[in-house]
Amino acid sequence: KIYSASVLDRVAYNPDTDNPGRDSDMITRALEEAGNEINAHMSVVYSLPIEPTPPVLRQLCVDIAIYRMCLTSDKLTLEIQERYRAAVRMLERIADGKVGLGITRDNVTANTPVIDSGSCVLDAERS
């Protein structure tokens, strides 16, 4: 099961405010924190930012962001916790050189940033 960015919207829905709806600030903070966590691992192996961002990092970013958003609400489930743990394990394996990103350092070019300045940008999935 792959979480899409629309799951971020559902997790960030806040019915308890004067203006119920999607909490964009929560999503932005969670994506920035997830990007920082990913960058900490990737900086061991790659120069940052990694552009274009491999799809595996995009998915790990969403999984980590969802976990972080659920930490501050009553929406944290065992599945979300396990997906976060699996994401961290995958980042550790990439940093250890046990798993690749499907790119070589020569293939890292400045095209469409996804992880940059500590944040994850999910342009294609957000529309």
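Quick note: the coordinates plus some simple rules give every number you see, no bench work behind them. Source: prediction; values computed, not measured. Reconstructed Cβ throughout: ideal geometry from the backbone, glycine too, with neighbour counts over all protein chains shown.
A cut-off under 15 angstrom between Cβ atoms defines the neighbours of K98, and their net charge, with Lys, Arg +1 and Asp, Glu -1, is 0. Charge tally for R68 (other residues, Cβ to Cβ under 14 Å; Lys, Arg +1; Asp, Glu -1): -2.
Roughly speaking, what is the stretch gain from R93 to K75, that is 0.36 nm per residue apart minus the C-alpha to C-alpha distance, in nm to one decimal?
Numbers: separation 18, 0.36 × 18 = 6.48 nm, distance 2.81 nm.
Full extension of this stretch gives 3.7 nm more.
Report note on the peptides 87-96, 69-78: ranked by the mean count of other C-beta atoms within 10 Å, highest first, their order is 87-96, 69-78.
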